[in-house]
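Participant: Dropping the structure in here first, questions after.
Please treat every number below as a calculation from the coordinates, not as lab data. Just so it is clear, the model here is predicted, and its values are computed rather than measured. Virtual Cβ from ideal backbone geometry, glycine too; neighbours counted across all protein chains shown.
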Amino acid sequence: MQRVAKRGSEILKAKGFTAVFPAGKALCDHLHDWFHGTQEGVLNSMAVCSDGSYGIEKDIYFSLPIQCLGNFKYKIVQDV
């Protein structure tokens, strides 16, 4: 159980990275998709203001499946 809990750090150590690089790369990829948009059918998960879907009260920030439309716009994808 402890080996599984530490496998991420073992992989990073073996590759010679620190945890900062994967987090930074993920942030860059996320902002790229948000700004440039994603193709139809490509979903991201992003904390956005709920519209009441998925049984989540409206106006609560929650991680939901979204499609990035570009220029920092998105739409919440329904029925995932």
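Participant: Quick check for me: using +1 on Lys/Arg Cβ and -1 on Asp/Glu Cβ, what's the dipole size of the chain about its Cα centre, in debye to the nearest 20?
Facilitator: For the chain, the charge dipole is close to 580 debye.
Participant: Can you give the relative contact order of the chain as a percent, counting alpha carbon pairs under 8 Å and 6+ residues apart?
Facilitator: That works out to 25 percent.
Participant: Right, something else. How do Asp79, Asp33, Asp59, Asp51 rank when sorted from fewest to most other Cβ atoms within 10 Å of their own Cβ?
Facilitator: Asp79, Asp59, Asp51, Asp33
Participant: List every residue whose amide H lies under 5 Å from the amide H of Met46, counting only residues 5 or more places away in sequence or on a different chain, with H placed 1.01 Å from N in the peptide plane.
Facilitator: For Met46, whose amide H was placed from the backbone, the distant partners under 5 Å are Leu64, Ile66.
Participant: A further question on this structure: In Å and on Cα atoms, what radius of gyration and Dmax does the range 2-76 show?
Facilitator: Rg then Dmax for the range 2-76, in Å: 16.1, 44.
Participant: Another question, then. Mean-square fluctuation check for the chain, GNM, Cα pairs under 10 Å: which of Ile56, Ile11, Ile66 is largest?
Facilitator: Ile11
Participant: Sticking with this one: Can you count the Lys pairs in the range 2-76 with C-alpha separation below 28 Å, eight or more apart or on different chains?
Facilitator: Lysine pairs meeting both conditions in the range 2-76 amount to 8.
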